[in-house]
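We did not get these values from a lab; they are worked out from the coordinates using the rules stated. Just so it is clear, the structure is predicted and the values come from calculations on it, not from any experiment. Cβ: placed from backbone, ideal geometry, glycine included. Neighbour counts: every protein chain shown.
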Amino acid sequence: MRSVSKRSDRDLELSTSQWRTAEDIVAVLKPMITLTELLSQENNASLSATVPMLMNIKKRHLVVHEDDSRTTKIIKTTLSDEMDRRWELKGPGLEISVYISAAVLDPRFKKLSFLSDDQRDEAYSVVAELAESLTDRSCQEESDTVDPGPTAPKQDAVMAMLLASDEDEEEQDETSEMKVYLKDFTKCNGGPLEWWKKNEDRYPKLSRVAKRFHSIPSTSMPSERIFSKAGFIANKSRSALFPTNVNKLVFLAHNFRRIRQPQVQ
C-alpha cells in the first residue's frame with residue numbers, strides 16, 4: 001500500500017488489525033475459488049460432484065475451531081449457512097434432487113457416504129425407477145414405429161405366470177442393474193461420461209439416465225458465457241445482422257476450439 005499510495009492518502013493505509021482481518025478472509029475464501037471454478041466447468045460433467053464437494057468443504061474447511069479468530073468464525077458460519085440455504089443441503093427432499101441422482105450415477109460418489117441410510121436407499125430407488133421408466137418409454141416408442149410380428153400364443157404367457165416361483169423373482173432382483181452397478185468398483189479416471197461410454201452395454205438402463213443427468217451443468221455459468229459472447233457479436237456495428245446469422249456466429253464462437261481440435265480415433 002505505501003509503495004502505490006500518495007502520502008496524502010493516509011486513510012487508505014491499513015492498520016495491523018485490518019491486515020490480520022484481510023488475511024483471515026483470504027484464508028477462508030481461497031478454497032472457495034477452486035470450488036467455484038470446478039462447478040463452473042462446461043467441458044466436464046460437474047452436476048454429480050456438486051453436493052459431494054459442498055459437503056466436503058463444509059466438513060473439512062468450514063468447521064469452526066476454538067482457536068479461530070472472530071472474523072474467521074463469522075465467515076465460516078455464514079458460508080456454511082448460506083450453502084445450506086441456497087443448495088438446500090439440510091432441507092427435506094435432498095435425496096430426490098437432481099444433484100443426488102447425478103451423484104448416484106457417478107462411480108466416484110455413488111456410495112453417498114454423506115447421506116443417512118434411509119436417504120441413500122431412497123436415492124437409489126429414485127434412479128432405479130427412472131431407469132425403468134425411460135426403458136419402458138423407449139420400448140413403447142420402438143413398438144410404435146416397428147411393424148408388429150407374429151405374437152406368441154397366450155398359453156405361453158399363462159404358463160410362465162403359473163410356473164413362476166419366488167426364487168425366480170428374488171434372483172432377478174438380486175441381479176438388477178442398480179445392485180450390480182453399486183458393487184462395481186471399476187475406476188472412473190476420465191470422468192463419469194467416459195465411464196458410462198465404456199460401460200453402456202453392461203448397464204443399458206442406467207446409462208440412459210446417466211446421459212440425461214451428466215449433460216446438465218451444475219451452474220448457469222456456461223449459458224452466461226454464451227450470452228456474453230452474443231453481446232460482443234450483436235453490437236452496434238452489427239445491428240443489421242439477421243437473427244439466424246447471429247445464432248450461427250454465436251455457435252461458431254462458442255465451439256471454434258472444439259471444431260479445430262482433431263478427432264481422436
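By the count of other C-beta atoms within 10 Å, a proxy for reagent exposure, F114, F232, F109 are ordered fewest to most as F232, F114, F109. Scalar couplings 3J(HN,Hα) for region 93-99, obtained by applying the Karplus form with A = 6.51, B = -1.76, C = 1.60 to θ = phi - 60°, are x, 4, 5, 10, 6, 5, 5 Hz; x denotes Gly and Pro. Using a simple spin-label model with pseudo-atoms 7 Å out from Cα toward Cβ, L29 and W87 lie 1.9 nm apart. Ordering T50, T72 by the number of other Cβ atoms within 10 Å of each residue's own Cβ, fewest first, gives T72, T50. Over the C-alpha trace of region 10-92, radius of gyration and Dmax come out as 15.4, 52 angstrom. Listed by chain and number, the lysines placed with their C-alpha closer than 30 angstrom to that of K197 are K110, K111, K179, K183, K187, K205, K211, K248; residues fewer than eight positions away on the same chain are left out.
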